[in-house]
Amino acid sequence: MRQEETVDVLQASGHPRTMKIGSSFSHFAKNKWLYLFLIPGISYLIIFKYIPMFGIVIAFKDFSIVRGIWDSSWVGLENFQYLFQSSNFYKVLRNSLLLSFYQILFGFPAPILLALMLNEIRNLIFKRVSQTILYLPHFISWVVLAGMVINFLSPSTGPVNYMIKEMGYDPVSFLLKPEYFRTILVSAEVWKSAGWGTIIYLAAMTGIDPTLYESAKMDGATRMQQVRYITLPGIATTITVLLVLQMGHILDNGFEQVFLLYNPSTYDVADVFETYTYRIGLIDGRMAFAAAVGLFKAVVGLVMVLLANRIARFFGKQLW
């Protein structure tokens, strides 16, 4: 039997496979313009995310720029063995985990709290002005922000040390003291990104049914009770998704902010995988070792996303 006859027989008999194919084509034809808008995003992912994944093989080779990726000799897991046996590895891993932990502990709740406070403002003009002021730091580059931090904490001209000297104490070189570095970096990160992060949570709050608040008011609920029992559960899904995504970047501390603020006196607490890879891969020219470090970070990020997603699904109903 020919293929055309087979299709006609299946259509006449209402075969599920033929009905499914037909419905898929009709759905695609109906929403063709929506699928057309997906092309730029899909192209970006393929070109800049998936195609470069073939470069992972560099981590398993003695890579040479002259010989190229495919002609370089295989070394297997030698780069990973050197990474795990390096004395700097555990120091860099500790610094990366600590900075990420502090950023999650202080940085993740900050936009949630700001969004809750902005959502309670009833004066629209004041609310919009406040939102604009909170968003502005996001558009300041880390180069400019690092210069602001350096000038602000300068032992000679900085306003912080000016106040310290006015109180009768000696000026403090904050950026040269390892015990202050993490606090300075995390504080700058929170100040820069907290306002921008409120956009997502404010958008999620607009999806909460207003009648829930009206019913709560009729029952005598206070503002804090409305936030606790209506607003927070209403954005719980958004909070969970963003937390899971952030766990995937547990070893990503950002290169610019660390590189612009650290110095040899703070290497022991400031050196993270980005700066470590920069020195080993670009300055020392060991591209294969840098690729091994990047692959290690990617694997850890994938494991953390899967683990965080499993925990969020397990405890989601109990928490909210």
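Going through Thr206, Thr222 one at a time, which residue ends up being over 30 Å from the mean Cα position of the chain (by Cα), of a type in the set (Ser, Thr, Tyr) and surrounded by fewer than 17 Cβ atoms within 10 Å (Cβ to Cβ)?
Thr222
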Quick one: in the stretch 73-99, of everything that is among the polar types (S, T, N, Q) and without any contact (Cβ under 8 Å) to a residue 24 or more places away in the chain, which residue is surrounded by the most Cβ atoms within 10 Å (Cβ to Cβ)? Ser86
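Which one of Ile104, Ile42, Ile65 is β-branched (Val, Ile, Thr) and modelled with pLDDT under 90?
Going through Ile104, Ile42, Ile65 in turn, just one is β-branched (Val, Ile, Thr) and modelled with pLDDT under 90: Ile65.
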Can you name every residue in the stretch 127-156 that is under 13 Å from Gly195 (Cβ atoms) and of a type in the set (A, V, I, L, M, F, W, C)? Val129, Ile133, Leu134, Leu136, Phe139, Ile140
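Rundown of residues vs (1) farther than 23 Å from Asn253 by Cβ; (2) basic (Lys, Arg); (3) at pLDDT below 90, yes/no style:
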{"position": "Lys127", "(1), (2), (3)": "yes, yes, yes"}
{"position": "Gln131", "(1), (2), (3)": "yes, no, yes"}
{"position": "Trp142", "(1), (2), (3)": "no, no, no"}
{"position": "Lys177", "(1), (2), (3)": "no, yes, no"}
{"position": "Thr183", "(1), (2), (3)": "no, no, no"}
Against the condition under 29 Å from Tyr276 (Cα atoms), in a helix (DSSP H, G or I) and at pLDDT below 90, how does Asn88 come out, does it pass? yes
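Can you give me the number of residues within the stretch 237-258 that are among the hydrophobic types (A, V, I, L, M, F, W, C) and surrounded by fewer than 16 Cβ atoms within 10 Å (Cβ to Cβ)?
Within the stretch 237-258, residues that are among the hydrophobic types (A, V, I, L, M, F, W, C) and surrounded by fewer than 16 Cβ atoms within 10 Å (Cβ to Cβ) number 4.
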Among the residues of the stretch 48-84, which ones are among the hydroxyl-bearing types (Ser, Thr, Tyr) and assigned to a strand (DSSP E or B)? Ser64, Ser72, Ser73
What are the residues in the stretch 183-211 that are closer than 17 Å to Gly234 by Cβ, among the hydroxyl-bearing types (Ser, Thr, Tyr) and in contact (Cβ under 8 Å) with a residue 12 or more places away in the chain, if any? Thr198, Tyr201
With the requirement that a residue be modelled with pLDDT under 85, within 27 Å of Pro233 (Cα to Cα) and crowded, with 18+ Cβ neighbours inside 10 Å, what does the stretch 281-311 give you? Ala308
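The values are calculated or read from the model by the stated rules, or taken from the named source; none is laboratory data. The model shown is predicted, which means the values in this text are computed figures rather than measured ones. We place every Cβ from the backbone using ideal geometry, glycine too, and count neighbours over all the protein chains shown.
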